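A.B. asks: First, the structure itself, so that you have it in front of you.
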Amino acid sequence: MSEKDTPDNEKAAGPLHDAAVNRRDAFRGLAAAAATAAAGVGSPAQAADQPTATCETRNPYGGGPNTGITLPPYYRPTPSVANANTYFPGMEELGSDEMRISFVGSTPVPPTRAQAGTAIMVELGNGKRFFFDLGPGCLRNLVAMQVPLQMVNDIFITHLHVDHFAELPYIFAFAPWMGRWKPLRVNGPSGRTPQDGIKYMIEGMKMMTRWHTDSFNCLPMGDGYEVEVNEFDFRDDNGICYDQHGVVIRHWRRAHGKDGASAYRLDWNGLSFVWTGDGRPDALTAKLSKGVDVFVTELQPDTMNIQSLKFGLPPVVGTTTIDLSHTPHYATGYMFREVQPRLAMATHLSYDEEMIPEMVAGVRAHWDGLFQFGAPDVVVVNVTKKSIWTRKAALPDSANFARPSREEAIQLFDLSLTNTTVDFPNPRHVYTEIEGPVPRNQEFDPKAYYPPNVYRKPDPIWPKDFKIDIKKMLREKVMARVKTIFGYDE
């Protein structure tokens, strides 16, 4: 095949593809070889008389022995990867020029022990962290990934189906108690009417959680129950909704049954990531995702006659839902072919083991490049300009909230060389202002249940103007250690 005969979408794939054979021709060759082998049925003697066929199939990336058919030479661990097989949270320092993508939730329905609702965390080598959607149950994976609750911020919601934001109320309600005394930052699209935009949803969330937030205001909450909402115009295709710290995030609309569904593209330091959210396969997404490193879209297998046996729904319920709002698995592969990313990924799918071969077959009808599932939880992707590597995270069952790092604490509490004091905000209430005396008058005397040697007098009222002087605390700790080692005071 001459260069002028090569399809444009293969020319655009970059230098790694320039020297490669046409991918579809390669796979046709593989199929032809398989068919020839299957036709050669007979006795061993007859088979021995047949001439040996030469296999024409080659790795479309150039390849070599033991390299596979779809694995490019850049599919290898990045420098920060400590264990090529498993990501152990907290055990690797992300490179300064590196991006890490973690699928902390990967299913639309149903949430299972293996899959929380769709949510993607993107961490950058400049210390910034972003969250794209927050589906139900994803917080348990964020906790296990040792992400401090206070640092779950800069959230980008693709649309307002509950499977994409259901964990937001929990994070909103509890993170201020953990020390996030600054407003939560949430980004998302407007809608056809003001009631259909993300601002209206956030106001509804505040109403829904009022009892919780009002009661917790007996403790230091600061401005933690405020929300900075960036509601961008969903019609502003390729508009910028974030531009800070060298990070640019753009958005565009998607066809998902109702105005107000968006996709996102993040660009930083020559690296890029796209999460399409939900929607029908479309040319605009392919156009605005060109040249992306990691392209993530949804996948809904169009196998509803089989799925109906699992879910008990008439097939027409599933097919109409797909045709109205989603990307069938064949179209997922078609989108990959149009975008030509370095790594193509599918998430927002029910990862049923017996259906994986069928999903892969649908994708491979159009795409024979590097492909991975962003499911089940938690798939981790490391990306540099030279390498891409995918692994699963090992999550401990005993995980608890992580403490912020030194850098994160400085950010949370505005600490510096000249400011080493954490000033706790005064609560807005004391409990006597929002709770009547009757239930308190029925309390048992704590002396009745505390052993005498551990008794302390309960005090449910937070001390006013409470502070922690970190410099003083460290000095006292150091001097106590000196006394222990050398046996003398200052």
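A.B. asks: For the charge dipole of the range 143-273, defined by +1 on Lys and Arg C-beta atoms and -1 on Asp and Glu C-beta atoms about the Cα centroid, which residue among MET207, GLN195, ALA255 has the Cα displaced farthest towards the positive pole?
C.D. replies: Farthest towards the positive pole: ALA255.
A.B. asks: With +1 on each Lys and Arg Cβ and -1 on each Asp and Glu Cβ, and nothing else charged, work out how big the dipole of the range 353-490 is about its Cα centre, in Debye to the nearest 20.
C.D. replies: 680
A.B. asks: Compute the relative contact order of the chain as a whole-number percentage, counting only Cα pairs closer than 8 Å that sit 6 or more residues apart in sequence.
C.D. replies: RCO, the chain: 16 percent.
A.B. asks: Find out how many positive minus negative residues lie around TRP211, taking Lys and Arg as positive, Asp and Glu as negative, among other residues whose Cβ is under 15 Å from that of TRP211.
C.D. replies: Local charge sum for TRP211: 0.
A.B. asks: Taking the Cβ of PRO108 as the centre, find all other residues whose Cβ is under 9 Å away and add up their charges (Lys, Arg: +1; Asp, Glu: -1).
C.D. replies: The answer is -3.
A.B. asks: Shifting gears a bit: Which one of PRO315, GLY135, VAL380 is farthest out on the positive end of the charge dipole of the chain, using unit charges on Cβ (Lys, Arg +1; Asp, Glu -1) and the Cα centre as origin?
C.D. replies: Sorting the options by dipole projection puts first VAL380.
A.B. asks: Where does the chain land at 222 nm, in deg cm²/dmol rounded to the nearest 500, when only DSSP H runs of n ≥ 4 count, each adding -39500 (n - 2.57), divided by all residues?
C.D. replies: -8000 deg cm²/dmol
A.B. asks: Order the peptides 123-136, 213-226, 469-482 from the highest to the lowest mean number of other Cβ atoms within 10 Å of their residues.
C.D. replies: 123-136, 213-226, 469-482
A.B. asks: Compute the helix-to-body angle for 315-325: its Cα long axis versus the longest principal axis of the chain, expressed 0 to 90° and rounded to tens.
C.D. replies: Once rounded, the angle reads 80 degrees.
A.B. asks: Expressed in nm to one decimal, what extension gain is obtained for the pair LYS290 and ASN66 from 0.36 nm per residue of sequence separation less their Cα-Cα distance?
C.D. replies: 77.6 nm
A.B. asks: What number comes out for accessible area per residue over the chain if the probe is 1.4 Å? Units Å², please.
C.D. replies: 52
A.B. asks: At a 1.4 Å probe, what is the % contribution of carbon and sulfur to the accessible area of the range 435-490?
C.D. replies: 59
A.B. asks: On the full set of protein chains, 1.4 Å probe, figure out the accessible area of ILE322 and give it in Å² to the nearest 10.
C.D. replies: The accessible area comes out at roughly 10 Å².
A.B. asks: To check you understand DSSP bridge types, tell me what percent of the beta bridges within the range 244-359 (both residues inside) are antiparallel, rounded to 5.
C.D. replies: Antiparallel bridges: around 55 percent, rounded to the nearest 5.
A.B. asks: Counting Lys and Arg as +1 and Asp and Glu as -1, each charge on the Cβ, what is the dipole of the range 138-233 about the Cα centre in debye, to the nearest 20?
C.D. replies: 200
A.B. asks: With respect to the cross-link table entries LYS182/LYS206; LYS182/LYS471; LYS199/LYS467; LYS447/LYS483, which display a Cα-Cα separation exceeding 26 Å?
C.D. replies: LYS199/LYS467; LYS447/LYS483
A.B. asks: Then there is this: Compute the Cα gyration tensor for the range 424-490, then decide on rounded, prolate or oblate, letting a ≥ b ≥ c be the square roots of its eigenvalues: rounded whenever a/c is under 1.5, prolate when a/b is larger than b/c in the other cases, and oblate in all that remain.
C.D. replies: Note, shape of the range 424-490 comes out oblate.
A.B. asks: Something else about it: Students often check this: by mean Cβ neighbours within 10 Å, which of 443-452, 388-397 ranks highest, and how do the rest follow?
C.D. replies: Answer by packing, highest mean first, reads 388-397, 443-452.
A.B. asks: Taking Cα atoms, how many degrees apart are the long axis of helix 470-486 and the longest axis of the chain, rounded to 10 and kept between 0 and 90?
C.D. replies: Once rounded, the angle reads 80 degrees.
A.B. asks: If you don't mind, another one. Give me the dipole magnitude in Debye, nearest 20, for the chain about the Cα centre, with unit charges on the beta carbon: positive for Lys and Arg, negative for Asp and Glu.
C.D. replies: It works out to roughly 820 debye.
A.B. asks: Please work out how much length the chain gains when fully extended from MET479 to ASP196, using 0.36 nm per residue of separation minus the C-alpha to C-alpha distance, in nm with one decimal.
C.D. replies: Length gained between MET479 and ASP196: 96.0 nm.
A.B. asks: Moving on to the next point. How far, in degrees from 0 to 90, does helix 198-208 lean away from the longest principal axis of the Cα atoms of the chain, to the nearest 10?
C.D. replies: Compared with the principal axis, the helix lies near 40 degrees.
A.B. asks: Between the range 441-490 and the range 86-126, what is the C-alpha centre distance in whole Å?
C.D. replies: 38
A.B. asks: Please say if the range 347-443 is rounded, prolate or oblate, where rounded means a/c under 1.5 for a ≥ b ≥ c the square roots of the C-alpha gyration tensor eigenvalues, and otherwise the choice is prolate for a/b larger than b/c and oblate otherwise?
C.D. replies: In terms of gyration-tensor shape, oblate.
A.B. asks: Quick check: net charge around ASP397, other residues with Cβ under 15 Å of its Cβ, Lys/Arg +1 and Asp/Glu -1?
C.D. replies: It works out to a net charge of +1.
A.B. asks: Answer with one residue from ILE434, PHE444, PRO460: the one whose Cα lies farthest towards the positive end of the charge dipole of the range 424-467, charges on Cβ with Lys, Arg +1 and Asp, Glu -1.
C.D. replies: PRO460
The values are calculated or read from the model by the stated rules, or taken from the named source; none is laboratory data. Small disclaimer: the values here were computed from a predicted structure and weren't measured. Cβ coordinates were reconstructed from backbone atoms using ideal geometry, including for glycine residues, and neighbour counts include every protein chain displayed. These area figures cover heavy atoms from the full protein model, side chains too; ligands, DNA and RNA do not enter into them. Shrake-Rupley method; radii C 1.70, N 1.55, O 1.52, S 1.80 Å.
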